[in-house]
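Peer 1: Right, I'll just put the structure down here and ask away after.
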Amino acid sequence: MADVKIGAYICKGCGIGDRLDTKQLAQVATRDAKAHVVREHDFLCNADGVKMIQNDIDSEGVNRVAICACSRRAKTEAFRFEGVAMTRANLREGVIWVRPATDEAQETTQEMADDYIRMAVTETKFMTLPQGSEKATYNRHILVVGGGISGMTAAVEAAKTGYPVILIEKTGTLGGSAGKAWRRIPQKAPYANPEDTGVAALIKAIEGNSQIKVHLNSTLTKTSGAPGRFAVDITTESGSTTTENVGAIIQASGYTEYDASKLTEFSYGKAKNVVTQAELDAMAKAANGAPLKNKDGKEIKSVAFVQCAGQRSTKEGHLNYCSGHCCLDSVKQAMYFKDANPAIDTNIIYTDLRTPGAGGEDFYRSGQNKGVTFTKGQVNEVTTDGTVKFKDLILNEDTEEKADLVVLATGMVPNSGVDIEVVKQDEPGQWKSNNESVLNLDYRQGKDIPLLKQGFNDSHFICFPYETRRTGIYTCGPVRRPMDMEQAMEDATGAALKAIQAVENAGQGRAAHPRSGDLSFPSFRREGCTQCKRCTVECPFGAIDEDEQRFPVFNEARCRRCGTCMGACPVRVISFENYSVDTVGQQLKNIDIPDEFSEKPRILVLACENDAYPALDMAAMRKIEYSAFARVIPVRCLGSVNTIWLTDALNSGYDGVVLMGCQKGDNYQCHFVKGSEMAHYRMSKVNDTLTTLNLETERVATYEVAITDIERAPQLINDMAATVEKVGMSPFKF
Amino acid sequence: MAEIVATNQTILVVGGGISGMTAALEAAECGKQVILVEKNPTVGGRVSQLYRYFPKLCHPTCGMEINLKRLRANKNVRLMTMTEVTGVSGDAGNYSVSLKINPRFVNENCTTCGACGEAVDVQFDDEHNYGLGQRKGAYLPHAMAYPQRYVIDPRIIGTADADKAKSACPVNAIDLNMKGESAKLTVGAIIWATGWRPFDANKIQPYGYDRIANVITSVEFERLADPHGPTGGKILRPSDNKEAKNIAFIQCAGSRDRNYLKHCSRICCMASLKQSTYVREKFGDEGKASIYYIDIRAIDRIDDFHQMVKNDPNVTFVKSKVARIDEDKSTGNPVLHGVNTEGYQRYANPHDLVVLAVGMEPSVPVGDFPIKVTVNEHGFIEQDESNGAIFAAGCSSDALDVNRAVQSATASALRAIQVVNRAAGMEG
C-alpha cells in the first residue's frame, strides 16, 4: 500500500469564497487535519479545477481526495477520479445555504465550515479504495425452480440471452397450473377471445434447447453458497442427488389453488355441480372443444360464476387479498360456453369487476357483446342443488338463481416454502433438508426467502419489484404476488434479467441493489470477535453464516453493503475499506469542541444518505436555516450506526445527538429493510449509556425522516438545539 | 452534427421516466452500453410529480434518489436530455436513429447557484406543477432534477431577461447562442418508454373542469399535497385558497367510456384511495372524502389498502357514474348530480373540491411513431414480432402502475439485450 497522501481542495465558488474565510479553511486543512496538499480554487468543478486535482493525483501522488465544495449529491460528473478514495466536505448545502449571511452568524458559520474540513480530511485518512473481493466467482448458469409458465418463460428467456439454465420441476411434467388450463386470457389485440395457453410451444422450445437442462420429479434439497457460486443439491423422487453449481437462482414455485372445501357455505365437495375455476378449465381441456357436461353427464344450460370465493374477505380461513386474475378468467370461462352455444346462460356475480388496462377492459366488453351477464352482487350461499343465493347490490335486495353449474373463483395461495420466522434454521453441523421448503437454503437465517404480507415472496419496494431479501435469488410469478399468465410471463422475463445481472455483478465482486456497483465489502478482525452472533442475526439479507467455531462468514456476494453488521458489532471488529467505525468515529472526534462556557454547543447528526441527507440538501436549496452547531455525517443506513459513535460523541463533549433514518415497521421505507428498525432498537437502549454518563436522556433523539421532510428535518436539528439550551451544555468538554 | 458513439451493440432507451430509467439502468448494470434520451430537461417523468405511492404511502423521490445514484455511478449509460427522436429506420440489430437536441442555453459549468433565476423577471406556468404555479424563465425544473442544471426557457431568448440571466451568472454557464443540434446514431435495439399523459379533462364537458375552479384533476391534486408543490403541501382549493376538507373523487374520469378512453387506466382507483389518505393526513377527523366509482379496482394483494380505506368512517363510497357537476356560485362549491346505483337514490352533493381521477393516455398518439410499430386501438404498443427490436416499456405498453411499469421495463431490457448479444455474437 502506497503512503497516504491527502489532497484537500477548497472551492470558493457559489458564494463559498464570499461567505467563508477560505484561507482559514486551508489553514485548518493543513495545520489541524494534516492534509498533504491543500489548494483553493475559484471554481473547482469547472474543467480547470478538475484538472488541478487530476494533476495532483498524477504527479504529486495524491491518493486521498477531500473535495471541500458542495454536497456529495452535486457535481458528481465533474468530481470523478479513478483510483483514489474520495470524500466531500459539504460547504455549500451543508453550511452557507443553511446559515444567514449576517455578521452575527459569521463566526459560527465559519466554525461549521472549519469542522467540515477537519471531518472530511480525517475521513480520507481512514479510507482506502475498495478493491473488490478476491472471492468473486463467475458462473453463468442460472437455476430456475419450477416448471410452470413463469419458470419456463424465465428459462427460455435466460437461454435466449446466452446463459445456460438448469430447470427443476417437482412433478413429472412441465406446464404447472397453466398446463392444466384449456385457454388463456388473450394477450393480443383485439382481446376478444380466449387464446391458446402457449404452454405446449414453451415445452417444445425447452425440449429443443441444448442450453436448458431439465430435471423432472426433482426438488432442491440444499442450496448453499452465494451469487456466482451457489451449490445446489437436486434430488429426484427416487432419492438420487446431483449437485450443480449456478450463479443465480430464480424461484418460480407458483401457487396452489385455495382449498375450496373450506367454503362449506358454497356446498363445495357436497354438491356435484359446484366446481372451482381450475376444475372448470380442466373439464374444458378434457372435453377438448366438445360441449361441456356436468359430472352426471347432463348438458349444462346455465352457469353462475361466484367471484371472490373465499377471497377479499377477513373471515377466518379466507384470503384477505384479491388474486387479480379471476375476473378475467371467469369472463374467459363464460366464453367457453357462449362461444359454443350462445343460448347457454352465463352470469358472473361480482362485487367489483376487475378487468384492468386496455386488454382487460376490451375482453370484458367482448364478454358483454357475447351476452355474458354481469351481476353486481354478494353471494352468501350456494345450496347443494346449485341455487346461488345472493344480495343484488344494484337492486339492494336478496335474490337467488339456480344454475346447472356453479364456478367458484377461488384464490391463489403462494408456494413460498417455509416461513423462517416460524421454522428456525438448524444449528451449524446439524443442517437437515425440509420437505416443505422450496430452496432449502443452508443460510444461518433460514431455509427460504423471508415472506412479505400474506405469505407472498414479493419485494416490498414499489420502485424495485424484484428485490428479495436474499441476494442473487429472484422470485417471479404467483409466488411473488397474485397474477395472471400474461403478467407472470412478463415477470419471469424481468426476473431472468435480474438473475443475469446478479451473475455479472458477482463475477466482478460488485454489490447488487441498492448500492449497485459498490466494491467495498465487510471484513472482520478475527482475534477481536467474541462470536456473539449479532451480525449474523441482524443482517437484513441473511448474508452472514457461522463457521464451525461460530465465527462469522461474510459471503461477500450476498452482502448489500449497508453496514448493519458493523452497527451491530459490540466489539467493533467489522469494517469496510471506505466505511468503518473509524471513518465516522474519527470524524466526529476531530472537530473543535468549544468549552462549556462558550455557549456554542455541538450537535452530531447522523443522517441516512438516501433520504434524510437529501432532505437536508433540498432544504438547503430552499435556504431553510438550521443551527450552526450541527455537524452532519451521512451514513449508509442508520443500521450501520454503532453505538460507540454516540458514546464517543458524548464523551468528547457533544451536547446532543440526532439520528435520522427511514420509516420502519410494516410499511418500512428503509432500503436495507431492517436497518432503520435495528438502529431504533439499539438507540432505545442508549439511555443506559446516558445515565451512566450522568447525562440527560433528551440529548439523544432518533427519528424516522422521509426524503420529503424538507422542513421537518432542519426543524428536528433546531429542536435539539433548543433542548440543549434547556438542559444545558454537556459537562464533558475537555 | 453532434458526435455520439454508438454501435449495433448499443441499446437506445427513449424516455427518461421511471420505466426508461429502469430499463436503461438494468441493462447498463448487466454491462450493456445504453443511450437514454429524454425530451424534457430532467429525467424522472411523471413519478417525480407524485407526492406518495400506493400502497405503502412512501415517496417516489426516495426511489428516484437511488435511481439517480445508479445513473451517476454508471458509465455505461449516456444520458441526453432535451432530446427527441425524429426518425428511425433499419431492422433489429441495426437501427439508424435521428435525434434532435434542443438547446438548454446552460452548459456544464452551471452550479445551480440560482443567480440567473433571481435575475430574470418573466414567469411561465410551471409544468412540474401542471400549471398550478409559476416558475421563472431561468429555472431548475424541481429539487430532484437531474442533470442538476438550470434551463433557460427558449421564450426569453432575445429578450432583456435573457441578458439579465447571462450577466447574473458568475460561472459563465449561460450561452445564449446555443443552437439546436441534430445527431444520427446506430443502435441494435430500442426500448420505447415514452409513458403517458393525463387525459384532457376539458373533454369531459359535464364535469366542468374548464368552468368550475374547484374541479381539478388527480395529477394536480398530487401537486397540492406535495411539500414541493405550489401550496407547500397544503390542500387549498383554487377558487379562494381555502382549505378543502370535503373532497369528492370521481373515478373513471375519461376512462372506461366509449366517448373518451375505452380502456381502464388501472391506477386511478388506487390513486384516489391513496389521495383520500392525504385528506385525512392534512385535516385529521375534519377531512372527508367521497369516492364515486363503478368498480374499485384495487387489484391483487394491494386490496388490503382498499379495505383499510373502506374502514375509515370519513371515507364514503358511492357507486355511481356522476352525471354532471354544477357550481354553487355563493360558496364556490361544486355540486355533484347523479344516481347512486346501489339502491337507486338520486343525489345532489356539494363538496369543497372535486378531484377527477383522469385516465392515462399514451404520450405518443397513434400515427406519430417514427417507425412502424404495432399499436392497439388505445394507442399502446403491442408485443409483436413485427416490431423487430423495438420493445415497449411501462405505460407505452399498457396502463400500468409503477410496480408493473418497472417490471415491464426490466423485461424489455432483457429483450433488448438478447438482440444486442446476438449482434455481438455475429461480429464474433
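We did not get these values from a lab; they are worked out from the coordinates using the rules stated. Please read these numbers as outputs of a predicted model, since none were measured by experiment. Heads up, the Cβs are rebuilt from the backbone with ideal geometry, glycines too, and the neighbour counts pull from every protein chain shown.
Peer 1: Amide H to amide H under 5 Å from A:GLU711: which residues, 5+ apart in sequence or cross-chain, H placed 1.01 Å off N in plane?
Peer 2: Amide H neighbours of A:GLU711, under 5 Å, 5+ apart: none.
Peer 1: Given a Förster distance of 22 angstrom, what is the FRET efficiency for A:ASN320 paired with A:SER261, based on the Cβ-Cβ distance and rounded to 0.05?
Peer 2: Numbers: r = 19 Å, r/R0 = 0.87.
Efficiency computed from Cβ-Cβ geometry: 0.70.
Peer 1: Placing unit charges on C-beta atoms (Lys and Arg positive, Asp and Glu negative, everything else neutral), compute the dipole magnitude of region A:479-557 about its Cα centre in debye, rounded to 20.
Peer 2: 340 debye
Peer 1: Something else now. With +1 assigned to the C-beta of every Lys and Arg and -1 to the C-beta of every Asp and Glu, and no other charges, what is the dipole magnitude of the protein assembly as shown about the Cα centre in debye, to the nearest 20?
Peer 2: 1080 debye
Peer 1: Taking the Cα atoms of region B:38-119, what is the range of coordinates along each of the three principal axes, in descending order and whole Å?
Peer 2: Taking the Cα atoms of region B:38-119, the three principal extents are 43, 42, 23 Å.
Peer 1: What FRET efficiency do you get for A:GLN27 and A:GLU625 if R0 is 30 Å and r is their Cβ-Cβ distance, rounded to the nearest 0.05?
Peer 2: Taking R0 as 30 Å, the efficiency between A:GLN27 and A:GLU625 is 0.65.
Peer 1: To continue, here is another question. Of all alpha-carbon pairs in region A:1-129, indicate the percentage at a distance above 23 angstrom.
Peer 2: 23 percent
Peer 1: What fraction of the Cα pairs in region A:193-252, stated in percent, has a spacing above 15 angstrom?
Peer 2: 63 percent
Peer 1: I would also like to ask the following. Using Cβ contacts closer than 10 Å as the measure, can you line up B:ILE302, B:ILE4 from fewest to most? Walk me through the numbers on the way to the answer.
Peer 2: Details: B:ILE302 21, B:ILE4 18.
Final ranking by Cβ density, sparse to dense: B:ILE4, B:ILE302.
Peer 1: Here's something else I'd like to know. Whole-Hz Karplus ³J(HN,Hα) for region B:362-372, in order, using 6.51 cos²θ - 1.76 cosθ + 1.60 and θ = phi - 60°, x for Gly and Pro?
Peer 2: x, 4, 9, x, 3, x, 9, 6, x, 8, 5
Peer 1: Have a look at A:MET119, A:ALA101, A:GLN669 and report the one farthest towards the positive end of the charge dipole of chain A, computed about the Cα centre with Cβ charges (Lys/Arg +1, Asp/Glu -1).
Peer 2: A:GLN669
Peer 1: Right, another one. Taking only the Cα atoms of the protein assembly as shown, how large is their convex hull per residue, in Å³?
Peer 2: 181 Å³
Peer 1: Tabulate in residue order the Karplus-calculated ³J(HN,Hα) for region B:373-383, using 6.51 cos²θ - 1.76 cosθ + 1.60 with θ = phi - 60°, rounded to whole Hz; enter x for Gly and Pro.
Peer 2: 9, 7, 10, 7, 5, 8, x, 8, 7, 7, 7
Peer 1: Working from Cα positions, state the angle (0 to 90°, nearest 10) between the long axis of helix B:18-28 and the longest principal axis of chain B.
Peer 2: Helix B:18-28 and the main axis of chain B meet at about 30 degrees.
Peer 1: Quick one: check the C-alpha center-to-center distance for region A:435-487 versus region B:122-168, whole angstrom.
Peer 2: Each part's Cα centre sits 45 Å from the other's.
Peer 1: Just want to confirm a number: the relative contact order over region A:261-411, from Cα pairs under 8 angstrom separated by 6+ residues, in percent.
Peer 2: With pairs under 8 Å counted, the relative contact order is 33 percent.
Peer 1: Here's a follow-up. What is the angle, in °, between the Cα long axis of helix A:485-507 and the longest principal axis of the Cα atoms in chain A? Nearest 10 is fine, range 0 to 90.
Peer 2: With rounding to tens, the tilt is 40 degrees.
Peer 1: Further question on the same structure: Quick one: Karplus J couplings for region A:641-655, per residue in order, coefficients 6.51, -1.76, 1.60, θ = phi - 60°, nearest Hz, x for Gly and Pro?
Peer 2: Computed from phi, the couplings for region A:641-655 are 6, 8, 4, 4, 5, 5, 4, 4, 4, 5, 5, 8, x, 5, 9 Hz.
Peer 1: Taking +1 at the Cβ of each Lys and Arg and -1 at the Cβ of each Asp and Glu, which of B:VAL322, B:ALA271, B:GLY343 sits farthest along the dipole of region B:267-398 towards its positive end, judged by Cα position relative to the Cα centre?
Peer 2: B:GLY343
Peer 1: Moving to a separate point now. Grab region A:20-137 and count how many Lys pairs have their alpha-carbon atoms under 29 Å apart, sequence gap of 8 or more, or different chains.
Peer 2: Taking region A:20-137 as the scope, the lysine pair count is 11.
Peer 1: Distance cut-off 30 Å, Cα to Cα: go down the list A:LYS674/B:LYS245; B:LYS56/B:LYS319; A:LYS170/A:LYS262; A:LYS664/B:LYS310; B:LYS203/B:LYS319 and report the pairs above it.
Peer 2: A:LYS674/B:LYS245
Peer 1: Before rounding to the nearest 500, sum -39500 (n - 2.57) across all DSSP H runs of length at least 4 in chain A and divide by the residue total; then give [θ] at 222 nm in deg cm²/dmol.
Peer 2: Calculated mean residue ellipticity at 222 nm is -8000 deg cm²/dmol.
Peer 1: Taking just the alpha-carbon atoms of region A:261-411, what radius of gyration and Dmax come out, in angstrom?
Peer 2: Gyration radius and largest Cα-Cα distance of region A:261-411: 14.4, 40 Å.
Peer 1: State the dimensionless ratio Rg/Rh of chain B (Rg: radius of gyration of Cα atoms; Rh: Kirkwood radius).
Peer 2: Here the Rg-to-Rh quotient is 0.99.
Peer 1: Classify region B:115-168 as rounded, prolate or oblate from the Cα gyration tensor: take a ≥ b ≥ c as the square roots of its eigenvalues, call it rounded if a/c is under 1.5, otherwise prolate when a/b beats b/c and oblate if not.
Peer 2: Cα axes put region B:115-168 in the oblate bin.
Peer 1: Normalised by the number of residues in chain A, what is the relative contact order in percent for Cα pairs under 8 Å and 6+ residues apart?
Peer 2: On the way: 1657 pairs, mean separation 92.0, N = 734.
Dividing the mean separation by the residue count of chain A yields 13 percent.
Peer 1: Considering only C-alpha atoms, what is the centroid distance from region A:515-567 to region A:58-101, in Å?
Peer 2: Taking the Cα centre of region A:58-101 as reference, the centre of region A:515-567 is 30 Å away.
Peer 1: Under a cut-off of 18 Å between alpha-carbon atoms, report the lysines in cross-link reach of B:LYS100, not counting same-chain residues fewer than 8 places apart.
Peer 2: Within the straight-line limit of under 18 Å, B:LYS100 reaches these lysines: B:LYS39, B:LYS179, B:LYS184.
Peer 1: Mind checking Rg over Rh on region B:198-360, alpha carbons, Kirkwood formula for Rh? Before the final figure, lay out the partial values.
Peer 2: Working: Rg = 14.6 Å, Rh = 15.7 Å.
Taking Rh as the inverse mean 1/r over Cα pairs, Rg/Rh reads 0.93.
Peer 1: Related question: Go through region A:310-393 and name the trypsin sites (Lys or Arg not before Pro) that are in a DSSP coil and have 16 or fewer other Cβ atoms within 10 Å of their Cβ.
Peer 2: In loop regions of region A:310-393 (DSSP not H, G, I, E or B), the sparsely surrounded trypsin sites (Lys or Arg not before Pro) are A:LYS315.
Peer 1: Within 10 Å of each Cβ of B:49-61, how many other protein chain Cβ atoms are there on average?
Peer 2: Other-chain Cβ atoms within 10 Å of each residue's Cβ, averaged: 4.
Peer 1: Next question. Please work out the Cα center distance from region A:681-731 to region B:316-378, rounded to the nearest Å.
Peer 2: For region A:681-731 versus region B:316-378, the Cα centre distance is 48 Å.
Peer 1: Would you work out the charge dipole size for region A:489-637 about its Cα centre, treating the Cβ of every Lys and Arg as +1 and the Cβ of every Asp and Glu as -1, and quote it to the nearest 20 debye?
Peer 2: Numbers: 19 positive and 21 negative charges, 18 e Å.
Dipole magnitude for region A:489-637 comes out near 80 debye.
Peer 1: Using the number of other C-beta atoms within 10 angstrom as an exposure proxy, rank A:SER218, A:SER150 with the fewest first.
Peer 2: A:SER218, A:SER150
Peer 1: Rg(Cα) of region A:594-671 divided by 2.2 N^0.38 Å?
Peer 2: Normalised Rg, Cα atoms only: 1.21.
Peer 1: Please say if region B:144-211 is rounded, prolate or oblate, where rounded means a/c under 1.5 for a ≥ b ≥ c the square roots of the C-alpha gyration tensor eigenvalues, and otherwise the choice is prolate for a/b larger than b/c and oblate otherwise?
Peer 2: oblate
Peer 1: Using +1 at the C-beta of Lys and Arg and -1 at the C-beta of Asp and Glu, which of A:ASN610, B:ALA145, B:ILE18 has the Cα lying farthest in the positive direction of the dipole of the protein assembly as shown?
Peer 2: B:ILE18
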